[in-house]
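Contents: one structure, followed by commentary.
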Amino acid sequence: MSETHSLLGALFGDPLVDAGFTDAARLQAMLDVERALACAQARCGVIPQTALPAIEAACHAQLYDIAALAQATALAGNPAIPLVKALTARVRADDAEAARWVHWGATSQDIIDTGAVLQLRQAVGQVQAKLQQLCSALAALAEAERDTGLPGRTLLQQAVPVTFGLKAAGWLDALQRSQQRLHALHADTLVLQFGGAAGTLASLQDRGLDVAQALAEELQLPLPALPWHAARDRIAELGSVFALLVGSLGKIATDIVLLMQSEVAEAFEPAGEGKGGSSAMPHKRNPVGCVAAIAAATRVPGLLSTLFSAMPQAHERAAGQWHAEWETVPEIVRLCAGSLAQVTVVVRGLQLDRERMQEHLGSHGGLLYAEAVAVTLAEQIGKAAAHALVEQAAQQALAHARPLREVLQANPEVSRHLDSAQLDALFAADSWRGMADTWIDRVLARVPHDA
């Protein structure tokens, strides 16, 4: 999708990021490369300075008929070819001599790839800023809820108690790694592409490196060791970074969806007019933001596989694999930005039912504290014996709908090693915290002070 306005755009995208991937934005990015190329070559004495005004004046997307360029692209095989023709014609109308120097020494892929890098650099910066906002919200949530206990769940079953602060810190920890990955893209992934017909820049003779360096400076992009026309690991890496972020956002959304189930009802997306309703059931409060994030996490891996499939490109220029990237990469970035926007709204307005969480900690007769009892008993009678003893007591508690603590206290083998006060301590609210506060502190210590 290349347009920012569509029936599903607001659900799965983000307006600011989407705007950077419209047809007009793609066209402008390529024109920005053409303008910078002319400036760089004029600086190096490859083309005359007098050619610059006409070329620069023609490098504005609004001057061109996008529909006509689209029709020509279908015949040419890529959008740079008809764009260069249209650009040359517009420059010629202003300055026939300057028209000679349009697109000098470059190839279509140089313009398309570097234009895409400019678009992606902008999108990465926007996503980084928005991700910091979500990380700040999660840091505040982890701190505020560090004492809020709820059942930990493994294989969707209640396991042992945890804190909601720890859960939020776990979400934040994953997103902090995505922050690091996004930052690293600027150094060696979002780089200049300039190699000419087959990567040698032979058309510029001995001035190729000079022009490449000047062009990199004009666009404020790193200059790689050599052109990368058919070496697409950078694109696959960029797609992977966004896919990992989408997956981490999907994990947050999945947790909240499950906590929002009617039978659980421990956490809820923020409510609002027209948000989360049902066309048939008036009582429904659906997790629409989380659903959109999960949908993105479901779609992106398939898109990422396209980028990996496109990596084995033949010789110096691909026959089809490169072309498969053109719509795939923007779609991955757009879905990621949309997921990020949805999850940020959810986290900022997340509503917790702490009383419900507390009720669940004591549900099923306190079975969530079985591990604590087994570990303590193991110090006296060994791990296997303690596990078997507590497991049998848990089964009895379930079978007879009795509290686990009561069953344990009535067991002579247990009472021989644990008195009533010790059992009280094991079933107390703070007995299960473990290293939760330490883990939260370690994650929060990585949050920038000015965030």
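The values are calculated or read from the model by the stated rules, or taken from the named source; none is laboratory data. No experiment lies behind these values; they were computed from the predicted model shown. A quick note on method: Cβ atoms are made from the backbone with ideal geometry, for glycine too, and the neighbour counts reach across all protein chains shown. Protein only, heavy atoms only, side chains kept; ligands, DNA and RNA dropped before computing areas. Shrake-Rupley method; radii C 1.70, N 1.55, O 1.52, S 1.80 Å.
Observations on the model:
A quick yes/no check of all residues on (1) at pLDDT 85 or above; (2) within 36 Å of the chain's Cα centre (by Cα); (3) over 29 Å from A169 (Cβ atoms):
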{"site": "I381", "(1), (2), (3)": "yes, no, yes"}
{"site": "A388", "(1), (2), (3)": "yes, no, yes"}
{"site": "D430", "(1), (2), (3)": "no, yes, no"}
{"site": "G434", "(1), (2), (3)": "yes, yes, no"}
{"site": "A451", "(1), (2), (3)": "no, yes, no"}
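Results for (1) open to solvent by 40 Å² or more (accessible area, probe 1.4 Å); (2) of a type in the set (D, E, K, R); (3) under 38 Å from the mean Cα position of the chain (by Cα); (4) closer than 30 Å to A337 by Cβ, shown as yes or no for each residue.
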{"residue": "A25", "(1), (2), (3), (4)": "no, no, yes, yes"}
{"residue": "L31", "(1), (2), (3), (4)": "no, no, yes, yes"}
{"residue": "E34", "(1), (2), (3), (4)": "no, yes, yes, yes"}
{"residue": "A38", "(1), (2), (3), (4)": "no, no, yes, no"}
{"residue": "G45", "(1), (2), (3), (4)": "yes, no, no, no"}
{"residue": "A61", "(1), (2), (3), (4)": "no, no, yes, yes"}
{"residue": "A80", "(1), (2), (3), (4)": "no, no, yes, yes"}
{"residue": "R90", "(1), (2), (3), (4)": "yes, yes, no, no"}
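- Summed over the stretch 379-423, residues that are of a type in the set (A, V, I, L, M) and either outside any helix (DSSP H, G or I) or open to solvent by 30 Å² or more (accessible area, probe 1.4 Å) (or both) total 10.
- Which numbered condition L185 fails, given (1) in contact (Cβ under 8 Å) with a residue 24 or more places away in the chain; (2) open to solvent by 30 Å² or more (accessible area, probe 1.4 Å); (3) within 19 Å of the chain's Cα centre (by Cα): (2)
- Condition met for A139 (over 25 Å from L221 (Cα atoms) and in a helix (DSSP H, G or I)): yes
- Matching residues in the stretch 1-50 - criterion: being modelled with pLDDT of 95 or more and either aromatic (F, W, Y) or not assigned by the TED database to the domain that holds V343 (or both): F21
- Any hit, the stretch 127-145, residues being over 21 Å from V347 (Cα atoms), surrounded by fewer than 22 Cβ atoms within 10 Å (Cβ to Cβ) and either out of contact with any helix residue (DSSP H, G or I) (no Cβ under 6 Å at 6 or more places or on another chain) or in the same structural domain as Q109 (by the TED database) (or both): no
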